[in-house]
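Shown next, in structure tokens, is the structure this report addresses.
Nothing in this text is a laboratory measurement; each read-out follows from the coordinates by a stated rule. None of these values were measured; they are calculated from a predicted model. When we count neighbours, we look across all protein chains shown, and the Cβ atoms used for this are built from the backbone with ideal geometry, even at glycine.
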Amino acid sequence: MEKQAKPGALESSQVEGSQVGGSQVEHFHVDAVVIGAGVVGLAIARELALRGREVLVVEQGGSIGEGISSRNSEVIHAGIYYPPQSLKAMLCVQGRQRLYDYCQRRRIDHRKTGKWIVATYSDQRAELQRLQHQALGNGVELALMEAEATRAALPGLQVVAALHSPETGIVDTHGLMLALQADLEAAGGQLVTRAPVEAACSQAGEHHLTIGGAAPCRVTARTVVNAAGLGAIPLAGQWQGLPSSAIPRQWLARGVYFAYSGRHPFDSLVYPLPERGGLGVHLTLDLAGQARFGPDVEWITREDYTVDPQRANAFSAAIREWWPALDASRLQPAYAGIRPKLAGPDSGFVDFRIDGPDVHGMPGLVNLFGIESPGLTASLAIAGYVADRL
């Protein structure tokens, strides 16, 4: 294991030794382990540490946020797309305000850009109205703007109406994760990287983890949070003692992004109406004002972050539906992300799953499944929700 913090949880905990294959393997006893150092895992670990828990974060990668957290739009969502009373709606709305407050307090780069959801055909007005009504049920007020007002705000768009979301924004995700890590360590927690969990077993109220990597060890904890992102369900599938009925199936939806080189007329985000599996190919901005488009939706069977340059053709066609002046030659392949879906391409809305003992019957274990968008926005609220359940 590669330590990314000052001596903390491991050194202060009970340490034993055991013989495995002729080699001495250390055995650590800690209070709480969080598996996964993405934005959600770090937020949960920070929250537990701030509540006085002894926390160890184990991450299989070489640094924080190498998975889903580094391959998204970096958008702070308002809470529009999710049915009222769902976890996604509740945690997005709570998390959004907490995230803005936290970014301001910790001086993390962010900007409240606002967002436009545009309809390009008259028969799409009903969908705008449905989204407006749903958002209102979540406590999110959106303004329904007619074509003239929308074009005045966004010259060059071909629209019949749009919804304006003033609470949407963007954030420096890496800066956010660094701040969460710093808070965790200041509260006595510790992060260890290159520490994959190779086996897990729960019995008699304790959880036993076999950690691989360059310095293999065993860890026993009273509390474990499985926040491993794309790896959360595969890990649960090999967890001894966890009932198979508590392990959902996972689908992978890859979305690619294309950067747009040079100048553009936008200072806020622009989204088409959502599509099955995603929010449609939309325009987002980074904190320097550079535009990028994506993600699209492509269902895949294995983890693969390839960006096919030919997908620019489909991007161009989709974007020109609402921005006819797009210069397709300026679209450049950027990166891809993968969303861990709990249902396949023919399904409708599926909520987050944050499974505690009431679901699987194992005290002290929480599994987070299907934490895709709005997971970044909701991260601080998810942290509070998990900590409360523990």
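Odds and ends about this structure:
- Rounded to whole Hz, the Karplus (6.51, -1.76, 1.60) HN-Hα couplings of segment 184-191, x for glycine and proline: 4, 5, 5, 8, x, x, 9, 10
- Placing pseudo-labels 7 Å out from each Cα toward the beta carbon at Ala343 and Glu206 gives an inter-label distance of 4.1 nm.
- Value of D in µm² per second that Stokes-Einstein yields for the chain, Kirkwood Rh from Cα pairs, at 25 °C (0.890 mPa s): 112
- Rounded to the nearest 500, the helix-only mean residue ellipticity at 222 nm of the chain stands at -8000 deg cm²/dmol, with each DSSP H run of n ≥ 4 adding -39,500 (n - 2.57).
- Ala199 long-range amide H proximity, modeled H, under 5 Å: Thr210
- Residues listed by number, segment 245-274, amide nitrogen under 19 Å from Arg302 label point at 7 Å toward C-beta: 250-255
- Neighbour-count ranking [beta-carbon atoms within 10 angstrom, fewest first] of Cys92, Cys217: Cys217, Cys92
- The order of the peptides 281-290, 63-72, 349-358 by mean Cβ neighbours within 10 Å, most packed first, is 63-72, 281-290, 349-358.
- Neighbour net charge for Leu380 - beta-carbon separation under 10 angstrom, K R +1, D E -1: +1
- Among the lysines of the chain, pairs that are 8 or more positions apart or on different chains and have alpha carbons within less than 27 Å of each other number 4.
- Inter-probe distance in nm under a simple model that places probes 7 Å from Cα toward Cβ, at Asp327 and Lys112: 3.4
- Sequence of Glu141, Glu167, Glu26 once ranked by neighbouring C-beta atoms within 10 Å, starting from the fewest: Glu141, Glu26, Glu167
- Remark: segment 346-355, residue by residue, has Karplus-estimated 3J(HN,Hα) of 9, 8, x, 5, 10, 7, 4, 10, 10, 9 Hz, where x stands for each Gly or Pro and the curve is 6.51 cos²θ - 1.76 cosθ + 1.60 at θ = phi - 60°.
- C-alpha center-to-center spacing [segment 91-114, segment 229-282] in angstrom: 21
- Computed from backbone phi, the HN-Hα couplings of segment 336-345 come to 10, x, 10, 9, x, 8, 9, 7, x, x Hz, rounded to whole numbers (Karplus: 6.51 cos²θ - 1.76 cosθ + 1.60, θ = phi - 60°; Gly and Pro given as x).
- FRET E, pair Gln124, Gln104, Förster distance 30 Å, beta-carbon r, rounded to 0.05: 0.25
- Leu42, Leu142 arranged by Cβ crowding within 10 Å, fewest neighbours leading: Leu142, Leu42
- Built amide H within the under 5 Å cut-off of Glu54, gap 5+: Asp31, Ala32
- For segment 15-159, a crude dipole built from +1 on the beta carbon of Lys and Arg and -1 on the beta carbon of Asp and Glu, taken about the Cα centre, is about 520 debye to the nearest 20.
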